[in-house]
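Participant: Sharing a structure, written as structure tokens. Questions coming.
The values are calculated or read from the model by the stated rules, or taken from the named source; none is laboratory data. Because the structure is a prediction, the values reported are computed rather than measured. Counting neighbours? That spans all protein chains shown, and the Cβs are built from the backbone with ideal geometry, glycine included. Ligands, DNA and RNA are stripped out before the accessible areas are found, and what is left, the full protein with its side chains, is counted by its heavy atoms. Shrake-Rupley method; radii C 1.70, N 1.55, O 1.52, S 1.80 Å.
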Amino acid sequence: RTVQDRMTGADVTLTDEQVELVQRLQKGQFGDVNFDPYEPSVDFFTHEVMIHPVTNRPADKRSFIPSLIEKEKVSKLVHAIKMGWIKPRKPKDDTPTYYDLWAHEDPNSVLGRHKMHVPAPKLRLPGHEESYNPPPEYLLSEEERLAWEQQEPAERRLNFVPRRHRCLRAVPAYPRFIHERFERCLDLYLCPRQRKMRVNVDPEDLIPKLPKPRDLQPFPTTQALIYRGHTSLVRCLSVSPGGQWLVSGSDDGTVRFWEVSTARCMRTLPVGAVVKSVAWNPNPTLCLVAVAVEQSVLLVNPCLGDKLLFGATDQLLEAYVPPEEERVQPVQWVPPSAEERGKGIRLIVQHSKPVKQVTWHGKGDYFASVVSDTGSRQVLMHQSSKRWSQAPFQRSKGMVQCVSFHPTRPFFFVATQRYVRVYNLLKQELTKKLMSNCKWVSSMAIHPGGDNVICGSYDSKLAWFDLDLSTRPYQLLRHHRRALRSVAFHRHYPLFASGSDDGTVIVCHGMVYNDLLQNPLLVPVKVLKGHVLTLDLGVLDVLFHPTQPWVFSSGADGTVRLYT
């Protein structure tokens with residue numbers, strides 16, 4: 001009758017009353033001995049109706065009048081049902097749904113419609129060699145079986161040896177069955193499957209829609225005349241403003257003047273050295289040609305055509321009055337000797353280094369020359385009427401390849417190996433720097449409108465720049481296979497040409513629109529051939545006739561050709 005107290009660990013002896021209470025609780029009886037669970041109930045809330053009510057408050061009016069708020073709610077629900085905003089619940093569909101076992105095989109089924117699902121590649125169906133009684137030609141001979149056993153498993157055409165059995169009952173179990181199933185499961189689980197999204201594009205749509213060359217006439221198509229006479233390669237060409245005379249400079253040390261329409265050599269001027277550049281004065285009231293020879297620029301009066309014209313040119317040059325005090329100039333203006341004057345030379349501008357290019361301003365008074373130098377005096381500007389020269393640049397920005405004046409505005413273009421810089425001569429500042437995306441610029445031409453420039457390069461690219469659009473090329477044309485030597489624009493027609501060392505002249509249609517939103521249209525229209533490759537050089541200079549859609553080209557074979 002003792003129990004241990006968990007709290008103190010002491011043994012406690014139970015009294016009789018406590019033992020009795022425990023026993024009663026174990027039997028499920030009440031703990032109190034005197035409690036009677038079955039005593040009669042006392043009705044503590046009367047069931048008789050009293051004559052006096054508990055409260056005497058009169059009934060509310062709202063208890064017997066229909067509610068306006070509920071009426072408004074009901075009318076809203078009725079309106080929503082009429083408008084179709086509230087739809088009745090759909091009846092439950094009791095038809096049983098079945099799982100489609102072959103859904104992944106059928107692309108039109110619900111499960112098959114998952115776009116990126118790629119069904120597993122199917123196994124190859126068994127052929128005749130898997131048969132238990134294959135035709136005799138499928139059975140391996142002794143040598144074939146030995147060869148099969150010596151092969152690597154990956155190199156074998158069949159991964160089993162075909163065998164013949166008497167009947168289907170005699171076929172044994174396939175020993176590699178579990179192994180092959182396992183390999184198949186591995187392949188399916190490890191092989192990445194990817195859906196190649198193919199775009200169906202018509203190849204014709206990828207070619208830009210260009211007009212036919214027939215619609216872009218006139219442009220030169222056939223070789224009309226060959227101007228023969230030079231004995232070495234003809235480096236440079238220039239044509240008179242009226243288009244009647246042509247001048248060419250050659251490595252044989254002569255400058256030849258030709259009549260364009262007859263290919264007749266009118267005059268030959270021996271200068272005793274390689275002629276690097278010739279430029280006919282663009283002013284139609286003057287008859288003057290600038291010739292770059294070694295370290296000097298010769299101003300030559302060819303005395304061709306109208307006597308009044310070349311007489312007036314001589315009078316203009318002789319009217320020069322030297323200033324009282326000597327000015328420091330980067331070059332020397334030297335009058336020619338009597339013998340040189342008899343040849344037609346009127347002035348000699350002596351430079352300190354070899355001259356490689358000479359070009360006139362559109363008005364015909366100023367001309368610029370490029371010197372083979374590395375310093376700041378690579379580009380020089382000269383005024384022929386005042387015999388005054390100056391070096392416009394303080395320091396050099398690289399090797400200058402060629403220069404050109406803007407046809408109408410006071411801009412000056414200087415092409416170095418990689419860039420074309422545009423300078424404003426009035427403000428004396430750099431306005432634009434064009435990135436040519438070429439390794440080495442060889443030549444440059446400016447559109448008569450003045451907003452587009454083309455550059456030829458020795459890595460056989462022609463870059464067309466739209467100055468209003470960007471400083472990067474609007475288009476890079478790779479029509480030639482070899483280095484471009486010269487590029488030219490026509491003065492009136494939408495044509496430009498490029499001459500290359502592959503011996504061809506490519507004429508392109510280059511339409512520039514007045515609408516600024518419309519990009520220029522560039523279409524190659526004709527490849528002109530005729531020049532013979534000499535010393536790995538082809539066409540060295542190209543030039544358009546000032547009025548006709550004709551192009552002149554000079555080549556390393558010592559000829560000048562006219563294409564009309």
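Participant: Give me the residue from the stretch 145-159 that is surrounded by 10 or more Cβ atoms within 10 Å (Cβ to Cβ) and assigned to a loop (DSSP other than H, G, I, E, B) and, out of that set, modelled with the highest pLDDT.
Facilitator: Among residues in the stretch 145-159 that are surrounded by 10 or more Cβ atoms within 10 Å (Cβ to Cβ) and assigned to a loop (DSSP other than H, G, I, E, B), the one modelled with the highest pLDDT is Gln151.
Participant: Output yes when any residue across the stretch 466-478 is crowded, with 24+ Cβ neighbours inside 10 Å, of a type outside the set (Lys, Arg) and touching a Leu at 6+ places or on another chain (Cβ under 9 Å), and no when none is.
Facilitator: Here is the first cut: in the stretch 466-478, the residues crowded, with 24+ Cβ neighbours inside 10 Å are none.
No - not one qualifying residue is present in the stretch 466-478.
Participant: Now for a different question. Evaluate the following for Pro162: is it at pLDDT 85 or above and assigned to a loop (DSSP other than H, G, I, E, B)?
Facilitator: Against the criterion (at pLDDT 85 or above and assigned to a loop (DSSP other than H, G, I, E, B)), Pro162 qualifies.
Participant: Same structure again: Go through the residues of the stretch 524-542 one by one and say whether even a single one is in contact with a Lys or Arg (Cβ under 6 Å, 6 or more places away or on another chain), part of a loop (DSSP other than H, G, I, E, B) and within 25 Å of Val275 (Cα to Cα).
Facilitator: Within the stretch 524-542 (the criterion being in contact with a Lys or Arg (Cβ under 6 Å, 6 or more places away or on another chain), part of a loop (DSSP other than H, G, I, E, B) and within 25 Å of Val275 (Cα to Cα)), the answer is yes, since at least one residue qualifies.
Participant: Only one of (1) assigned to a loop (DSSP other than H, G, I, E, B); (2) surrounded by 10 or more Cβ atoms within 10 Å (Cβ to Cβ); (3) under 60 Å from the mean Cα position of the chain (by Cα); (4) modelled with pLDDT of 85 or more fails for Glu105. Which number is that?
Facilitator: It is condition (4) that Glu105 fails.
Participant: Mind checking whether some residue in the stretch 184-198 is under 30 Å from Thr504 (Cβ atoms), open to solvent by less than 100 Å² (accessible area, probe 1.4 Å) and not charged (D, E, K, R)?
Facilitator: No: zero hits.
Participant: Taking the options Phe412, Phe405, Phe393, name whichever one is at pLDDT 90 or above, within 30 Å of Val334 (Cα to Cα) and open to solvent by 10 Å² or more (accessible area, probe 1.4 Å). Reasoning before the result, please.
Facilitator: Numbers: Phe412 fails: open to solvent by 10 Å² or more (accessible area, probe 1.4 Å); Phe393 fails: at pLDDT 90 or above.
Just one listed residue meets the conditions, Phe405.
Participant: Here's a check for you: in the stretch 294-309, which residue that is open to solvent by less than 10 Å² (accessible area, probe 1.4 Å) and within 47 Å of the chain's Cα centre (by Cα) is nearest to Gln244 (Cα to Cα)? It would help to see each step written out before you state the result.
Facilitator: Kept after step one, since they are open to solvent by less than 10 Å² (accessible area, probe 1.4 Å), are these residues of the stretch 294-309: 297, 299-302.
Narrowing further to those that are within 47 Å of the chain's Cα centre (by Cα): 297, 299.
Values: Val297: 24, Leu299: 19 Å.
Ranking the candidates gives Leu299 first.
Participant: Any idea how many residues of the stretch 356-400 are of a type in the set (D, E, K, R) and in contact with a strand residue (DSSP E or B) (Cβ under 7 Å, 6 or more places away or on another chain)?
Facilitator: Summing the residues that are of a type in the set (D, E, K, R) and in contact with a strand residue (DSSP E or B) (Cβ under 7 Å, 6 or more places away or on another chain) in the stretch 356-400 gives 5.
Participant: Same structure again: Which members of the stretch 140-189 meet the condition of being more than 58 Å from the chain's Cα centre (by Cα), more than 18 Å from Leu125 (Cβ to Cβ) and of a type in the set (Ser, Thr, Tyr)?
Facilitator: Ser141
Participant: Tally time: how many residues in the stretch 204-228 are modelled with pLDDT of 85 or more and surrounded by 11 or more Cβ atoms within 10 Å (Cβ to Cβ)?
Facilitator: Within the stretch 204-228, residues that are modelled with pLDDT of 85 or more and surrounded by 11 or more Cβ atoms within 10 Å (Cβ to Cβ) number 10.
Participant: What are the pairs with Cβ atoms under 6 angstrom where one residue, in the stretch 476-496, is at pLDDT 90 or above and among the polar types (S, T, N, Q) and the other, located anywhere, is assigned to a strand (DSSP E or B) and open to solvent by 20 Å² or more (accessible area, probe 1.4 Å)? Sequence gap at least six, or different chains.
Facilitator: Qualifying pairs under 6 Å: Ser486/Asp541.
Participant: Let me ask something additional. Of the residues Val260, Val271, Val234, Val201, which is of a type outside the set (Gly, Ala, Ser), free of Cβ contacts under 8 Å to residues at least 60 places away in the same chain and open to solvent by less than 40 Å² (accessible area, probe 1.4 Å)?
Facilitator: After ruling out the rest, the residue left standing is Val271.
Participant: Name the residue that is nearest to the chain's Cα centre (by Cα), counting only residues in the stretch 341-357 that are under 25 Å from Arg235 (Cβ atoms) and open to solvent by 60 Å² or more (accessible area, probe 1.4 Å).
Facilitator: My answer is Lys353.
Participant: When both residues are 6+ apart or on different chains and their Cβ atoms are under 7 Å apart, which pairs have a first residue that lies in the stretch 361-375 and is on the phi > 0 side of the Ramachandran plot, and a second that is part of a loop (DSSP other than H, G, I, E, B)?
Facilitator: Close Cβ pairs (under 7 Å, with a partner that is part of a loop (DSSP other than H, G, I, E, B)) amount to Gly364/Asn281; Gly364/Pro282; Gly364/Asn283; Gly364/Leu286.
Participant: Now a separate question. Output yes when any residue across the stretch 113-136 is charged (D, E, K, R), open to solvent by less than 90 Å² (accessible area, probe 1.4 Å), part of a loop (DSSP other than H, G, I, E, B) and modelled with pLDDT of 85 or more, and no when none is.
Facilitator: no
Participant: Also, I was wondering about something else. Give me the residue from the stretch 182-227 that is aliphatic (A, V, I, L, M) and outside any helix (DSSP H, G or I) and, out of that set, nearest to Pro494 (Cα to Cα). Step through it out loud before you land on a result.
Facilitator: Applying the first criterion (aliphatic (A, V, I, L, M)) to the stretch 182-227 yields 186, 188, 190, 197, 199, 201, 206-207, 210, 216, 224-226.
Now drop any that are not outside any helix (DSSP H, G or I), which leaves 197, 199, 201, 207, 210, 224-226.
Values: Met197: 44, Val199: 38, Val201: 34, Ile207: 23, Leu210: 15, Ala224: 21, Leu225: 23, Ile226: 25 Å.
Within the stretch 182-227, the match that is nearest to Pro494 (Cα to Cα) is Leu210.
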